[in-house]
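Worksheet for the structure shown next.
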Amino acid sequence: MRITILGCGYVGTALARHWRDTSDHQLRLTTTSPERRAELAELADAVHVLEGADAEGLRAALKDSEVAVFSLAPTGTSQVGAEGYEATYLRTFEALERVLPSLPQLRQLIYTGSCSVYGDAGGGWVDETTPPAPRDRHGEILLASERRLQACADGDRRVAILRLGAIYGPGRELAPRFRPLAGSTRAGDGASYTSWIHRDDVVGALAWAVASGLEGIVNLVDDEPLRVRELVERVLTAAGLAPLRWDPGAAPERSPANRRIANRRLHSLGYQLRHPRLDPDA
Ligand SMILES: NC(=O)c1ccc[n+]([C@@H]2O[C@H](COP(=O)([O-])OP(=O)(O)OC[C@H]3O[C@@H](n4cnc5c(N)ncnc54)[C@H](OP(=O)(O)O)[C@@H]3O)[C@@H](O)[C@H]2O)c1
């Protein structure tokens, strides 16, 4: 199959490597940085240097491709302002919409979106049928981007959106990320739920999405939403580090969105998670 991966960061590069090692797909990759061309050329048949908002660049990168995987994220994600989200996600899908009429062979568009579109549910369960309720401008832009992409679907072209939990895995291990918390005290009770997904399951699910011709929205999280306090405890304990203490009397600056993300649809469609539970050693 002819596939273009747009955005080759943590996920996109791992996906390209996976397909290079296990498939006969013809791969094209994109980067915004000319200096990454040589590194990415080892993983693909061609590398295109472009910003997603560059419609002509997009057209060239997607010419003849049957599948496009969008795995872009603005640099430094959590600190990036709303305008950075607009520039990366919305402007890319607007440009895509403009060039699609000249790309009739492009049959499937896949996007690694985010569970942050759900917002807060007071600790309750949410699934793909739950109306999204972003609680900040970033989430609103991600939702608007999903809708922009969904508008690209027609009888001949499928759109699949994987809503990801927080990613961990090789190079993004949890212990180094939580090490600064060891032995400290944090405001609040840590009772909010978080959902995670291992990088290998993001890669596995993207490959499965292509192989199965996936269409529609699917949550991509592991089987086990964890309260923040359990998550931190599990990781610090596994790393042999001092526990984090919570101070329920002190109000946290900003509590995380509290909801449990259901992955029933992922299971019912047949994807088998490689890491169904958060693995603090992975
Ligand atoms: N990380 C998480 O915990 C998390 C959680 C939920 C959802 N997601 C989603 O998962 C996907 C993959 O995340 P990741 O961790 O692999 O991200 P990443 O490592 O930050 O990689 C994203 C890549 O997007 C490219 N990019 C940035 N701006 C671009 C633009 N304007 N036009 C074209 N390409 C652009 C960059 O490529 P160059 O540097 O080569 O230019 C960058 O390497 C993203 O869609 C993200 O929103 C991530």
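Derivation of every value follows stated rules applied to the coordinates shown; laboratory data play no part. What you see is a predicted model; the values in this text were computed from it and never measured. Quick reminder, even Gly has a Cβ in these numbers, built from the backbone with ideal geometry, and neighbours come from all protein chains shown.
Worth a mention:
- The chain: equivalent-ellipsoid semi-axes (sqrt of 5 x gyration tensor eigenvalues, Cα, Å): 33, 20, 18
- Cα-based convex hull, the stretch 19-116, per residue volume (Å³, whole number): 121
- In this structure, the amide hydrogen of Thr30, modeled 1.01 Å from its nitrogen in the peptide plane, lies closer than 5 angstrom to those of Ile5, Gly7, Cys8, His48, counting only residues at least 5 positions away or on a different chain.
- Charge dipole of the stretch 84-151 (Cα centre as origin; +1 on each Lys and Arg Cβ, -1 on each Asp and Glu Cβ, all else neutral): 260 debye, rounded to the nearest 20.
- What the Cβ-Cβ distance of Gln150 and Asp189 gives, at R0 = 35 Å and to the nearest 0.05, is a FRET efficiency of 0.40.
- Couplings 3J(HN,Hα) of the stretch 33-49, computed from phi: 10, x, 5, 8, 3, 5, 4, 6, 4, 6, 9, 8, 7, 7, 10, 10, 9 Hz, in residue order, whole Hz [Karplus 6.51 cos²θ - 1.76 cosθ + 1.60, θ = phi - 60°; x for Gly and Pro].
- Taking all Cα pairs closer than 8 Å and separated by 6 or more residues, the relative contact order of the stretch 20-126 comes to 26 percent.
- Histogrammed with a bin width of 5 Å, the alpha carbon distances of the stretch 160-266 distribute as 2, 12, 18, 20, 17, 13, 8, 6, 3, 1, 0 percent, first bin at zero.
- Selection from Gln105, Leu236, Pro132 lying farthest towards where the dipole of the chain points positive, charges on Cβ: Leu236
- Cut-off under 5 Å, modelled amide H: who pairs with Ser114 long-range: Leu164
- The stretch 12-74 - Debye-derived log10 I(q)/I(0), Cα point model, q = 0.20, 0.21 Å⁻¹: -0.78, -0.86
- Taking the empirical scaling 2.2 N^0.38 Å for compact globular proteins as reference, the stretch 80-148 has a Cα radius of gyration ratio of 1.28.
- According to the Cα-based calculation, Rg over Rh for the stretch 159-211 is 1.11, with Rh computed by the Kirkwood formula.
- Modelled label positions at Arg274 and Thr22, each set 7 Å beyond Cα in the direction of Cβ, lie 0.6 nm from each other.
- Computed P(r) (all Cα pairs; the stretch 112-187; 5 Å bins; percent): 3, 12, 17, 16, 15, 17, 10, 5, 2, 1, 1, 0
- Test item: Cα-centred dipole of the chain, Lys/Arg +1 and Asp/Glu -1 on Cβ, debye: 280
- Span from the the stretch 131-162 Cα centroid across to the the stretch 28-44 one, whole angstrom: 27
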